[in-house]
Amino acid sequence: MSLQIYIVVGLALLFDFLNGVHDSSNIVATMIASRAFRPHTALGLTAVANFLGPFLFGVAVATTIGEEVAQSEALNLDVIIACLVGAIAWNLLTWYLGIPSSSSHALIGGMLGAVLAGAGFRAIKLHGLEKVIIALFTSPLLGFAFGFTLTRLIYFFVRNASIEINEFFKRGQFVTALGMAFSHGTNDAQKTMGIITLGLLISGSINQFKVPMWVVTLSAAAIAIGTAVGGWRLIRTLGGGFYKIRPIHSFSTQLTSSLVILSASFLGLPVSTSQVVSSAIIGVGSSERFGKVRWSVAEEIVTAWFITIPASALVSAGIYWLIMWLG
């Protein structure tokens, strides 16, 4: 393999690691805030589940990212490098500012910017791009709707329960939190697998789009290590920024997020864990009363969702032009 493909693999794994750091907050924030788990216990369990997720649920999302968005024959490795650098830069900026933006949006935006700069509009597969964009922007709406509805149902079924029901919601999070962690590893780690496999295909290292097992293993390990490190700035935002989270809120948020993300993974749809979890938290809180949610925090997060794709696209396009100028 050439030096460039080693750079692609290294950058992809760095992005995957940062994705784990960035998105660990989405998985553990509610279980920590509800006092169901100690912080390091929550991160440790989540990291293990993140690693196992891709091995248990397949690589359909990786195929969507690597094969259905851009024409591989029209690309070169400089495009992939620019894509990854743009996504990494945006992740680092939002992590530093404590904004729970979407790593998935950053990667898709980076890919679009680099592909358009390096190969032009003809290299974009519109049907695949449409599939990805619809998945990214409808999944938070589903997270809100499912969270709202599920919490209303839970309150109805436990309306005559004693205060001891809180213990059930605390202990039940062992199952729901693992489910959400598995779903995160299944969906998010696959995006990196798709990019690495696309790079291997472009470089001629493989002759058809099929994710090698070593790519699955390294990608799963990178996101698991990032998750174990934890994004403490973002954990504070999601764990207490919207409202005071109790065990029932955490249980319902995790169950909602698991259902949405796992369903998308089976269908090969890349979704944003950040978006799904944040919208589920808002939906769960709104099911009690809309005034419960600090909507100013929600507004900041939604703004970050919408600017991430164009911002990371511009950065990646600029990186590609810089590579061309230097090379």
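Of the listed requirements (1) assigned to a loop (DSSP other than H, G, I, E, B); (2) modelled with pLDDT of 85 or more, Glu288 misses just one: (2). Scan the range 191-231 for residues that are under 30 Å from Met31 (Cα atoms), more than 14 Å from the chain's Cα centre (by Cα) and polar (S, T, N, Q) and the total you get is 1. Residues that are of a type in the set (Phe, Trp, Tyr) and either within 15 Å of the chain's Cα centre (by Cα) or in a helix (DSSP H, G or I) (or both) were ranked within the range 15-58; the one that is nearest to Thr192 (Cα to Cα) is Phe15.
Out of all the residues in the range 29-79, which are touching a Leu at 6+ places or on another chain (Cβ under 6 Å) and under 17 Å from Val277 (Cβ atoms)? The answer is Ala29, Ala49. Search the range 202-214 for residues being touching a residue at least 40 places away in the same chain (Cβ under 8 Å) and closer than 17 Å to Val61 by Cα, and hand back the single one that is surrounded by the most Cβ atoms within 10 Å (Cβ to Cβ). Checked the range 202-214; the qualifying residue surrounded by the most Cβ atoms within 10 Å (Cβ to Cβ) is Val211. Residues that are at pLDDT below 85, more than 23 Å from Met111 (Cβ to Cβ) and among the aliphatic types (A, V, I, L, M) within the range 41-68 comprise Ala42, Leu43, Leu45, Ala47, Ala49, Leu56, listed in sequence order. So is Val79 crowded, with 24+ Cβ neighbours inside 10 Å and either more than 16 Å from the chain's Cα centre (by Cα) or modelled with pLDDT of 85 or more (or both) or not? Yes; evaluated as a whole, the condition is true for this residue. When the range 230-271 is limited to residues that are within 22 Å of Lys191 (Cβ to Cβ), hydrophobic (A, V, I, L, M, F, W, C) and touching a Gly at 6+ places or on another chain (Cβ under 7 Å), the one that is modelled with the lowest pLDDT turns out to be Leu234. Taking interchain pairs and intrachain pairs at least six residues apart, which have beta carbon atoms under 9 angstrom, with the first residue in the range 9-20 and closer than 14 Å to Ser102 by Cα and modelled with pLDDT under 95 and the second of a type in the set (Phe, Trp, Tyr) and surrounded by fewer than 24 Cβ atoms within 10 Å (Cβ to Cβ)? Note: pairs meeting the criteria are Leu18/Trp95. On the given criteria, is Ala12 in a helix (DSSP H, G or I) and over 18 Å from the mean Cα position of the chain (by Cα)? It is false that Ala12 is in a helix (DSSP H, G or I) and over 18 Å from the mean Cα position of the chain (by Cα).
Taking (1) assigned to a helix (DSSP H, G or I); (2) modelled with pLDDT of 90 or more in turn, Val211 satisfies each apart from (1).
Figure legend. Inter-residue proximity from the range 126-143: first residues closer than 16 Å to Lys191 by Cβ and free of Cβ contacts under 8 Å to residues at least 40 places away in the same chain, second residues assigned to a helix (DSSP H, G or I) and of a type outside the set (Gly, Ala, Ser), beta-carbon distance below 8 Å, spacing 6+ or different chains. Indicated pairs: Ile133/Ile108. Within the range 123-169, can you find the residues that are within 30 Å of Pro247 (Cβ to Cβ) and not in a helix (DSSP H, G or I)? Once the filter is applied, which keeps residues that are within 30 Å of Pro247 (Cβ to Cβ) and not in a helix (DSSP H, G or I), the range 123-169 yields Val158, Arg159, Asn160, Ala161, Ser162, Ile163, Glu164. Restricting Leu136, Leu92 to residues that are closer than 19 Å to Val315 by Cβ, surrounded by 18 or more Cβ atoms within 10 Å (Cβ to Cβ), among the aliphatic types (A, V, I, L, M) and touching a helix residue (DSSP H, G or I) at 6+ places or on another chain (Cβ under 9 Å) narrows the list to Leu136.
Residues that are surrounded by fewer than 16 Cβ atoms within 10 Å (Cβ to Cβ), within 26 Å of Glu68 (Cα to Cα) and in contact (Cβ under 8 Å) with a residue 24 or more places away in the chain are absent from the range 153-175.
The values are calculated or read from the model by the stated rules, or taken from the named source; none is laboratory data. Remember, it's a predicted structure, so these values are computed and weren't measured experimentally. FYI the Cβ positions are ideal-geometry reconstructions off the backbone, even for glycines, and counts take in every protein chain you see.
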